[in-house]
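What follows is a set of notes on a single structure, which appears directly below.
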Amino acid sequence: MAGGGGGGVSPLGPAPPMWYHRDLSRAAAEELLARAGRDGSFLVRDSESVSGAYALCVLFQKHVHTYRILPDDEGFLAVQTSQGVQPKRFKTLPELVSLYLQPNQGLVTTLLYAVDREETAVTDDRDYSDGEDEKPPLPPRSASTSTPPGPETPTESTTAANGLSTISHEYLKGSYALDLEAVKQGASSLPHLNKTLVASCKRLNGEVDKVLSGLEILSKVFDQQSAFMVTKMIQQSVNQGGDQELENLVTKLAILKDLLSSIEKKALKALQDMSLSSPCSPPPFSMRHSKAIPVQAFEVKLDVYLAELTKIGKSQKYTLSVDVEGGRLVVMKKVKDNQEDWTTFTHDKIRQLIKSQRVQNKLGIVFEKEKDKSQRKDFIFASAKKREAFCQLLQLMKNKHSNQDEPDMISIFIGTWNMGSVPSPKSVASWVLCRGLGKTLDEMTVTIPHDLYVFGSQENSVCDREWVESLRAVLKEQTELDYKPIAVQTLWSIKLAVLVKPEHENRISHVGMSSVKTGIANTLGNKGAVGVSFMFNGTSFGFVNCHLTSGNEKIARRNQNYLDILRLLSLGDKQLSSFDISLRFTHLFWLGDLNYRLDMDIQEILNYINRKEFEPLLKVDQLNLEREKNKVFLRFAEEEISFPPTYRYERGSRDTYVWQKQKATGMRTNVPSWCDRILWKSYPETHIVCNSYGCTDDIVTSDHSPVFGTFEVGVTSQFVSKKGLPKSSEQAYIEFESIEAIVKTASRTKFFIEFYSTCLEEFKKSYENDSQSSDNVNFLRVGWSNKQLTTLKPLLSEIEYLQDQHLLLTVKSVDGYESYGECVLALKSMIGSTAQQFHTYLSHRGEETGNIRGSMRVRVPAERMGTRERLYEWISVDQDETSGPKGKSTTVSRVGHEYVKQSVVRKQLGELGKVNEEGEKNCKEENAARSKQDTPDGDSSIGKNSFNNPAYYILEGVPHPSAAELLSSPTSPTAPPVKAPPSSAGARTKPPPAASGPTHSRRTVSGHPARGVSEESSSEDDGGAALAGAALAGAQSGGIGGTVGSTLNRPPPDFPPPPLPKGALETAAEAQLSKPRALYPDLAEVRIPPAGPAGPLALGDGFRRGAAGALDDQSCSVLQMAKTLSESEFPGQPPRAPSAPPPVRVPTIGILDACRTFPPRNPIPESIAEDMPEEALWGSSSSSLSVGESSVGEWLQRLGLERYEQGLLHNGWDDLEFLSDITEEDLEEAGVLDPAHKQILLESLRQQQQQK
């Protein structure tokens, strides 16, 4: 309950009035008022922006007006007024509301109709009614003994703060008079004040003691002078008390200040002296005692093509031996008479690993030969699991022998287990080694230690110290390393323990812990969540372990549990209080017994399990269904489930599910279900790959099986600039041209944007929006022009630093300072000299509340452009093959928040190479690999979110009747939507120019292409929109605006694409010079109203170049199927990892005229699409693309070097305009190894450039 009152009087009066809705969300309040529907309807809720304040919400003319009610220093309440207006003060809320029930009191309307809260009947809704717990477990009798102190639950921490406040109040009310009397009688001290201060500082005293104890050893080693004082103070603190306690605290603080200010200098001097006397220092203790990794050998076959076989019977069998400790890879070829031909490559000679996306057990290795020449060989492994093991070992070898001081990537083990209130067995080795069922690690890699181990447990009856020590013992036995516990958080029997490799202990900082109760009436801790957060160098991590409400039918209760935890768990940076925990961390992992069940007849479930057919069961999994409706875990990811349900087994066996239990109320059914889950959510353009996800099959003490998952996660270091702080001439800038947001609200207030980032010294605010419009009462479009948006100055200007940074945005109202939606943007794609477009969704309190788009750039001075390749970018995915993966992909893992695909892919002038990840969601197999992270396009069975209605299109400038017609087509049951076909994601690429510093030709990551210029995409939108849908979404406007008039823009995230009309491909192919026919006759006549005063968002020149109208790059994803299906694999040379797709020049009567979704505003002067294969448009199977008057093939033919055409096209160099940016290294990768030929090609390109 919010707010304190003046003089001990509750601000709510004797009993909370029915119009007071406590912590009701802003969106829910608007919904209740809209349902009431009468002017003057009102309610009061807690303010979301100010603790202890309230919000008075009033409905008038279908709009919701919000007034803040703030308490003053004396506890009186008043409605916030304009400057200079004297507020009216009240002791209680009912008194305040009673005044505004009278007319003419300054509100937009008189308060007339109270909207009462919906009282939920208190039922015996026990979480243990299904037999999961016979009785709710009692809370632990003693506090955790093995954990560092951390914040309690939000409720408890608030109580603590209020407790200190109470101590001070008590002194001022009572003891103050006693001290005054003592002073009057001549006393020279204030004993009662001293007691008050001692009580207030009690926790501080304990914290200082712990800090001094931790620094005692350091002081003895480096600063013997202060060591004596530290030891003395620690001894005194044990026996201190009475009047001396406060004096000792002040002395300890002084000693601590002196020690902290001098210890680093003294340690540096001591280490310098040691280095002079002992030049060869021994390896760190943890490294000396870590288990050596044995040499591992892999039997493979060389993948060769018939044209490359020089003689019949040539051997293709090889053995690849990985020596991690020695940093070598031995490639051994078996020849006749048992002889062997072998070659050794050191770790620095292995340039790149390229995973085949189509053939899951195929891997390309690029070796560096003499004179900087490279050679690629493709190998076929025994299985996909063997390939992954080989890649992990090589990455480990690279990491071990890297000259970098800090890691680029770490490995994380995450486990969750409902222990069933009984102690664990003696050995849980199979759990920590990921052995069992599902996606497991190869035996060659299971014993490689992970950097972090995170253990979540529920119904854990073991005390904290014993539990942690048992986990450490298991890890010690398996890895020979002494893992350090960095945090253990407990709520009754829900525990979360995080252990770290000894070598990383000093890289962990800012550890935080919290818990939330969601048991009966949110007061019992038998259900709820515990959380731990920390920084690993420069990367923030959050971990949540929860136990949600049980029972097959209690889906809504579980959903509410999740939302309560999301809102109340107090973790991470306190400055980010405007954001829920799903946006506070670079990587957030959510694990536990989520208790979602299967909605299917028990016998059918058992039959599917016996046949190991899990796909039908996953379709009725309650968690998957709720996620598809965007009810919970918005934009979280989960690896594909390929293991049987983990609940409810017969204890002592894994052969039998116990699904019936006799209760006093009758027979209770618990169908087998995947209750135990691991999900995650990461910032965009970060690296994370799930390498395993399964359950054990040999731990049988509980009715749940332990679940495990392992992750490869990219991390950043605490960046230190080699050039120091930037001068004014070397300062980087984050500049916005314009921003537009659509928010779901009935309010008509003004808005501003707050910007948060670790690269900013403090958060920044924009001015109020200068454009605002709405054609529907439930939605509001607001816009900010350049003059309303502040320019941001990052702390450091190096590109290596900025490309790892993210920007958090929150759209807040001017009236209540409450957030209407938050989002996160990656700066990596925005770096460049021209403005780039972004478009992503807004969310608040776990619900999608709108979307936001705009134009921005990150300007980096040339002096700060140097960067390097990360370890995780060393592995790429081969995307030039003819189709998507066969079966379930083991490498594709969706990263973080999805963006709507950018509307433009531009030529980068002096920028970093960016990576196009078009079509990541296109194929069904990849969607399965992400395991329903997002709603499948066009699935009419899925519940629609708030944007799947005509209102969105109304706000985008489409007349209401046409919008209704538009939406009737996609949702029509007679026209099922078409699933997007697989596309060749990397076949069309534009490499970066040489001027951009170090090239990024291989900026891809293991498991999926690195997110780059067109990375900001949601998987609903990633190349999956049909042709007509794309034309609706952004033809000639790019989805962000155009040069003239208003525009019909793409639907927001989660909107299914319209169905592809029969013969759409033929329509495009036959268009040519004849009069085009409309694919959607009912849309051909849609009139686009002129732009309002604010106009559409402005676009940078880079947006318009190469394609008039700048058709959204996803618009040809369906047509690209023709190219995808006919494209042949090019052997022998490594493909260029995509940087950004080049534009393809095509005749001006292309797909825009063919579709005729609406008339073009301007004549089309040159090309129409940045990423449109000509073969797809015109049905040609030729590899040469038309480029003005001359194609790449014709150019090479004139030079007599046509032999290189296939290699250049294969690596994406299919446009003469972009060939002007090619470098010698790029030519080598395309197969041009002859120095004379390279010179001829480069000279020819230079001459062409001069002629322009």
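Here is a yes/no grid of residues against (1) touching a residue at least 40 places away in the same chain (Cβ under 8 Å); (2) open to solvent by 20 Å² or more (accessible area, probe 1.4 Å):
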{"position": "Ser1191", "(1), (2)": "no, no"}
{"position": "Glu1194", "(1), (2)": "no, yes"}
{"position": "Gln1197", "(1), (2)": "no, yes"}
{"position": "Leu1208", "(1), (2)": "no, no"}
{"position": "Trp1213", "(1), (2)": "yes, no"}
{"position": "Ile1222", "(1), (2)": "yes, no"}
{"position": "Asp1234", "(1), (2)": "no, yes"}
{"position": "His1237", "(1), (2)": "no, yes"}
{"position": "Arg1246", "(1), (2)": "no, yes"}
Item to check | Hits in the range 408-429 (condition: touching a residue at least 12 places away in the same chain (Cβ under 8 Å), more than 30 Å from Asp804 (Cα to Cα) and in a loop (DSSP other than H, G, I, E, B)) | outcome: Met419, Gly420, Ser421, Val422, Pro423, Ser424, Pro425, Ser427, Val428
Item to check | Of all residues in the range 372-397 being assigned to a helix (DSSP H, G or I) and open to solvent by 40 Å² or more (accessible area, probe 1.4 Å), the one that is nearest to Gln316 (Cα to Cα) | outcome: Lys386
Next on the checklist: Based on this model, can you work out whether Ser819 counts as crowded, with 18+ Cβ neighbours inside 10 Å and under 22 Å from the mean Cα position of the chain (by Cα)?
Outcome noted: yes
Next on the checklist: Go through the range 622-653 and report how many residues are closer than 21 Å to Val689 by Cβ and modelled with pLDDT under 95.
Outcome noted: 0
Checklist entry - Yes or no: Ser582 within 15 Å of Gly542 (Cβ to Cβ) and open to solvent by 40 Å² or more (accessible area, probe 1.4 Å)? => result no
Checklist entry - For the range 24-83, which fully contained strands (runs of 3 or more DSSP E) count at least 2 residues that are more than 39 Å from the chain's Cα centre (by Cα)? => result 77-79
Next on the checklist: Considering only residues that are open to solvent by less than 10 Å² (accessible area, probe 1.4 Å) and acidic (Asp, Glu), which ones fall in the range 675-691?
Outcome noted: Asp676
Checklist entry - Restricted to the range 828-843, and to residues that are within 15 Å of the chain's Cα centre (by Cα) and part of a strand (DSSP E or B), which residue is nearest to Glu863 (Cα to Cα)? => result Thr840
Next on the checklist: Any residue at all in the range 551-567 that's surrounded by 24 or more Cβ atoms within 10 Å (Cβ to Cβ), over 19 Å from the mean Cα position of the chain (by Cα) and in a loop (DSSP other than H, G, I, E, B)?
Outcome noted: no
Checklist entry - Are any residues in the range 366-393 under 17 Å from Asp1226 (Cα atoms) and either under 28 Å from the mean Cα position of the chain (by Cα) or β-branched (Val, Ile, Thr) (or both), and if so, which ones? => result Val366
Checklist entry - Among the listed residues Leu780, Leu807, Leu825, which satisfies the condition of being part of a strand (DSSP E or B), under 21 Å from the mean Cα position of the chain (by Cα) and within 17 Å of Thr849 (Cα to Cα)? => result Leu825
Checklist entry - Can you find even one residue in the range 120-129 that is in a loop (DSSP other than H, G, I, E, B), aromatic (Phe, Trp, Tyr) and either open to solvent by less than 60 Å² (accessible area, probe 1.4 Å) or modelled with pLDDT of 85 or more (or both)? => result yes
Checklist outcome for this item: Within the range 640-695, residues assigned to a strand (DSSP E or B), among the hydrophobic types (A, V, I, L, M, F, W, C) and under 31 Å from the mean Cα position of the chain (by Cα) come out as Ile678, Leu679, Trp680, Ile688, Val689, Cys690, Cys695
Checklist entry - For the range 860-886, what are the residues that are at pLDDT 75 or above and of a type in the set (Ser, Thr, Tyr)? => result Tyr872, Ser876
Checklist entry - If the Cβ limit is 6 Å and pairs must be 6+ apart or interchain, which residue in the range 832-851 that is touching a residue at least 24 places away in the same chain (Cβ under 8 Å) and under 13 Å from Ile739 (Cα atoms) pairs with which residue that is surrounded by fewer than 24 Cβ atoms within 10 Å (Cβ to Cβ) and among the small types (Gly, Ala, Ser)? => result Ala835/Gly1100
Item to check | Members of the range 448-468 found to be free of Cβ contacts under 8 Å to residues at least 60 places away in the same chain and open to solvent by 10 Å² or more (accessible area, probe 1.4 Å), listed by number | outcome: Asp451, Val462, Glu466
Checklist entry - Any idea which of Ala199, Ala267, Ala227 is at pLDDT 70 or above, farther than 30 Å from Gly52 by Cα, among the small types (Gly, Ala, Ser) and part of a helix (DSSP H, G or I)? => result Ala267
Checklist outcome for this item: By my count, strands (runs of 3 or more DSSP E) wholly in the range 443-506 with at least 3 residues that are in contact with a helix residue (DSSP H, G or I) (Cβ under 7 Å, 6 or more places away or on another chain) are 484-491, 494-500
Next on the checklist: Please verify whether Ile410 is open to solvent by less than 10 Å² (accessible area, probe 1.4 Å) and either within 30 Å of Thr867 (Cα to Cα) or in contact with a His (Cβ under 9 Å, 6 or more places away or on another chain) (or both), treating the condition exactly as stated.
Outcome noted: yes
Checklist entry - List the pairs whose first member sits in the range 97-109 and is at pLDDT below 95, whose second member is in a helix (DSSP H, G or I), and whose Cβ atoms are under 8 Å apart, counting only residues at least 6 apart or on separate chains? => result Gln105/Leu99; Leu107/Tyr100
Item to check | Criterion: loosely packed, with under 10 Cβ neighbours inside 10 Å and either of a type in the set (Ser, Thr, Tyr) or at pLDDT 60 or above (or both) - qualifying residue of Ser281, Ser262 | outcome: Ser281
Checklist entry - For Ser717, are the conditions met, namely being outside any loop (DSSP other than H, G, I, E, B), open to solvent by 10 Å² or more (accessible area, probe 1.4 Å) and touching a residue at least 12 places away in the same chain (Cβ under 8 Å)? => result no
Next on the checklist: Which condition from (1) in contact with a strand residue (DSSP E or B) (Cβ under 9 Å, 6 or more places away or on another chain); (2) open to solvent by less than 40 Å² (accessible area, probe 1.4 Å) is the one that Ser833 breaks?
Outcome noted: (2)
Checklist outcome for this item: The correct count of residues that are of a type in the set (S, T, N, Q) and open to solvent by less than 20 Å² (accessible area, probe 1.4 Å) in the range 758-772 is 2
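The values are calculated or read from the model by the stated rules, or taken from the named source; none is laboratory data. Here the structure is a predicted model, which means the values were calculated and not measured. Glycine also receives a Cβ, built like all others from the backbone with ideal geometry; neighbour counts cover every protein chain displayed. Just the protein is used for accessible areas: all its heavy atoms, side chains included, with ligands, DNA and RNA removed. Shrake-Rupley method; radii C 1.70, N 1.55, O 1.52, S 1.80 Å.
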